[in-house]
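Asker: Pasting a structure here, questions to come.
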Amino acid sequence: MPKRTVSLVVNGRPQHVETHPMSRLLDVLREDLSLTGTKEGCGEGECGACSVLLNGQLVNSCLVPVGQAEGARICTIEGVGQHGLHPVQAAFISEGGAQCGICTPGMIMATIDLLARYPEPALEQIREGLAGNLCRCTGYMRIFSAVQKAAQAGP
Ligand code: FES
Ligand code: FES
């Protein structure tokens, strides 16, 4: 399949990338746009490390062919922090919800998505909302505490 120009709006900035339409959005973000905050874990849609928002929806960017994202608004972890530390990031730091950090960008994207839907989530809603994001380090309770703290801080 030949390359073509794919246009996206990433973290508020229009981007035009010469690529194969079947390239993974994850690779375009990391390699073509140097946005390496989005991590690759499993590469199979199982771990959530590569989570970004696509037109406001949480997606695993390892599963999205970039051609399907033509014209879309993408928000990555770099966009979350572009005006200073986001309250969700601050809560992950203060509650110890980030350890090795591999899962953290995806967890933060999933938390932002969760809090947009449930501004005051119950523990069960937090568990469900983050069920697609795996963490090998924290045992999850510190992450859940961070989500609760971020919810208390408000949008
Ligand atoms: S790297 Fe995409 S879900 Fe694991
Ligand atoms: S902090 Fe290491 S995988 Fe979550």
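The values are calculated or read from the model by the stated rules, or taken from the named source; none is laboratory data. Being a predicted model, the structure only gives us computed values, none of them experimental. Cβ atoms come from the backbone with ideal geometry, glycine included; neighbour counts cover every protein chain shown. Ligands, DNA and RNA are excluded from the accessible area calculation, which covers all protein heavy atoms including side chains. Shrake-Rupley method; radii C 1.70, N 1.55, O 1.52, S 1.80 Å.
Asker: Looking at the range 69-92 only, could you name the residues that are without any contact (Cβ under 8 Å) to a residue 40 or more places away in the chain and open to solvent by 40 Å² or more (accessible area, probe 1.4 Å)?
Answerer: 83, 85, 86 - these are the residues of the range 69-92 that are without any contact (Cβ under 8 Å) to a residue 40 or more places away in the chain and open to solvent by 40 Å² or more (accessible area, probe 1.4 Å).
Asker: Under 6 Å between Cβ atoms, at least 6 apart or on separate chains: pull out the pairs that start in the range 19-42 with a residue that is in contact (Cβ under 8 Å) with a residue 60 or more places away in the chain and end on any residue that is in a helix (DSSP H, G or I) and among the β-branched types (Val, Ile, Thr).
Answerer: 37/77
Asker: Check the range 82-101 and report whether any residue there is more than 18 Å from residue 49 (Cβ to Cβ), part of a loop (DSSP other than H, G, I, E, B) and among the small types (Gly, Ala, Ser).
Answerer: yes
Asker: Return the residues of the range 90-122 that are over 15 Å from residue 132 (Cβ atoms) and of a type in the set (Asp, Glu); say none if nothing qualifies.
Answerer: Listed by number, the residues that qualify are 95, 120.
Asker: In a loop (DSSP other than H, G, I, E, B) and away from ligand 2 (no atom under 14 Å from the Cβ), is that true of residue 116?
Answerer: So residue 116 fails the test.
Asker: I'm trying to understand the selection: among the residues of the range 130-155, which are away from ligand 2 (no atom under 16 Å from the Cβ) and either within 20 Å of residue 39 (Cα to Cα) or in contact with a helix residue (DSSP H, G or I) (Cβ under 8 Å, 6 or more places away or on another chain) (or both)?
Answerer: Across the range 130-155, the qualifying residues are 148, 149, 150, 151, 153, 154, 155.
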